[in-house]
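Below is one structure; the comments refer to it alone.
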Amino acid sequence: MGSCEIFVEGVGAARIVEKLAQGGVPVRAAFAEKRGVLVRVDVKHREKVFAILRGSCYNGKKVRFLGASRALRRLKGRPGLIGAALIFLLAVPFFQSRVLRIEVTGSGAYYEQEIVRLLAREGTHVLSAPPADRARITAEILAFPRVSFCTLSHEGGVLTVQVEVSDEAAMLAGGCLIAPAAGVVQSLTVLAGTARAAVGDFVEAGGVLVENVADAGETSLPATVIAAASLRCTADAQYAGSREEALAQAYLEYGPLEGMKIQKTGTAWHITGEYTVRAALNLG
Amino acid sequence: MEFLHEIAKRLGADAFRIHYTVVDGRGAYFENVVRILYFSAGEIVLRGRGGSVRVTGEALSLGRYFAGDLEVRGDVRCVAREGGDGKL
C-alpha cells in the first residue's frame, strides 16, 4: 500500500530496530541518526510500531508518509480539490460531445445564415448534440445554388461546415429542348431528359426534341434537360434588291447554305439551299 | 529445537552461520541474522547462531530486516567474522 517513516528517539539504534523486528514489524529501511533512528515501515504497521515503543524508553514521532499513501492522505484533507477535479473530468467529455460553436468555412461561407437555419431545423444548435443524419444535411446544402462540395465535421466541440461553390455548378435552365426550325434531326446528344425525336426524324419548328422528364417505369419524374441536337433544314426565301444584297441577307438569316440556288423571279431573288442549325440546353 | 538439531547434525553447524553476499559499492545481504548488536552509519555488528559479523563501511543503513534476513545499504568496505562456533 505504501510506507511511512518514523523517527524513533533514543539511544541504541540497533536495539530499536531489533525491538521492532522481534515485535513482528518488517523493517523496510533504517537510518542511524544522531539522536535516534529513522525507520521505514509499511503504513499498516504504523500503529504496531507505536504500540511496541509504548512503555519503553523510546519515543516515536514525526511520522512521514511516503508514496501513494502520502498522496492519498493529502487528498483526504482537500475535499474541494477532489470535487473540482471530478467535475472537470466529467465536464470535459460531456462538453466535447456537444456543439459549442458552428463554423461555416469555404468559398460558400456566405450561406452561413441559411446553413445555421437548416441546422436549427434539424435540431442542431449551440449546446445540442451534433447532427445524427449528416448525409441528409449535406445533401440539402448541396442543393443550394452553385454549391459543388460540402462536408460536416465535429471536433473539440466545434461543428465545422465546409462549403465550396463553383461557377460550373451554376443553376441549370429548365424546360424542354425545342427545335428552332423545321428540319431533319442529324445528331442528338441527351445526357439528361427524355428524347422525343430520333436521328432522321423530321420535326417542325417548335417541336420538342428532348422533354424535361425522366421515365421511371410507368411514371415520369421531373428532370433537368442536358442535351444538344443539330437539324438539317431547308432554306427557301425571296429577297428584293440586287443579287449581292439578296445573298448577303440569306447568309445573315441562314448562315452558309449548301446546294444553294438563286433565281430571279420578277423583282425578287429566290434563294434555296440547305443549312444546319444547332440547338442545346445546358450542354456546351 | 529438535528440528534444528537434526539439521545441524546432517549439514553441520555451519548451516546456521551468518551467510552474506556483498555487492561492491551498493551494500550487502545477510542471512541467519539473530540480532543486530550495533548499528551506526559506519559500523554494524550482527549476531548469528555461530558467531558474529562486523560490517564496516560508509553511509551504512539498513534495508529490509525480517525473519533473519537483513539488507545493508551503503558502501561496505569490510565484513569480518568474530567469535568462534557457538553451540545451538
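Can A:Arg15 be described as in a helix (DSSP H, G or I), among the charged types (D, E, K, R) and within 9 Å of chain B (Cβ to nearest Cβ)? Spell out how you get there, then give the answer.
Working: in a helix (DSSP H, G or I): yes; among the charged types (D, E, K, R): yes; within 9 Å of chain B (Cβ to nearest Cβ): yes.
It is true that A:Arg15 is in a helix (DSSP H, G or I), among the charged types (D, E, K, R) and within 9 Å of chain B (Cβ to nearest Cβ).
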Need a quick list: strands (runs of 3 or more DSSP E) entirely within segment A:200-284 having at least 1 residues that are among the hydroxyl-bearing types (Ser, Thr, Tyr). A:219-222, A:226-240, A:258-265, A:268-281
Filter segment A:57-110 for residues that are more than 27 Å from the chain's Cα centre (by Cα), surrounded by 10 or more Cβ atoms within 10 Å (Cβ to Cβ), not hydrophobic (A, V, I, L, M, F, W, C) and not in a helix (DSSP H, G or I) and give the result. A:Tyr58, A:Asn59, A:Gly60, A:Lys61, A:Lys62, A:Arg64, A:Arg78
Which of the residues belonging to segment A:25-50 are without any contact (Cβ under 8 Å) to a residue 12 or more places away in the chain and either aliphatic (A, V, I, L, M) or within 14 Å of chain B (Cβ to nearest Cβ) (or both)? A:Ala29, A:Phe31, A:Lys34
Being surrounded by 14 or more Cβ atoms within 10 Å (Cβ to Cβ) and under 24 Å from A:Leu283 (Cα atoms) narrows it down to one of A:Thr189, A:Thr234, so name that one. A:Thr189
Test A:Ala181 against the stated conditions and say whether it is farther than 30 Å from A:Leu118 by Cβ and in a loop (DSSP other than H, G, I, E, B). yes
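Does A:Gly193 fit the bill of being assigned by TED's automatic domain parsing to the domain that holds A:His270 and at pLDDT below 85? If you could, list the steps in order and put the result at the bottom.
Values: assigned by TED's automatic domain parsing to the domain that holds A:His270: yes; at pLDDT below 85: no.
No.
So, in segment B:49-88, how many residues would count as being in contact with a helix residue (DSSP H, G or I) (Cβ under 7 Å, 6 or more places away or on another chain) and free of Cβ contacts under 8 Å to residues at least 60 places away in the same chain?
First pass over segment B:49-88, keeping only residues in contact with a helix residue (DSSP H, G or I) (Cβ under 7 Å, 6 or more places away or on another chain): B:49-50, B:62, B:65-66, B:85, B:88.
Next, from what is left, pick out any that are free of Cβ contacts under 8 Å to residues at least 60 places away in the same chain: B:49-50, B:62, B:65-66.
Residues flagged as in contact with a helix residue (DSSP H, G or I) (Cβ under 7 Å, 6 or more places away or on another chain) and free of Cβ contacts under 8 Å to residues at least 60 places away in the same chain within segment B:49-88 amount to 5.
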Hey, does segment B:44-56 have a residue that's closer than 11 Å to B:Arg77 by Cα, at pLDDT 90 or above and not in a strand (DSSP E or B)? no
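The values are calculated or read from the model by the stated rules, or taken from the named source; none is laboratory data. A quick note: this is a predicted structure, and the numbers were derived from the prediction, not measured. When we count neighbours, we look across all protein chains shown, and the Cβ atoms used for this are built from the backbone with ideal geometry, even at glycine.
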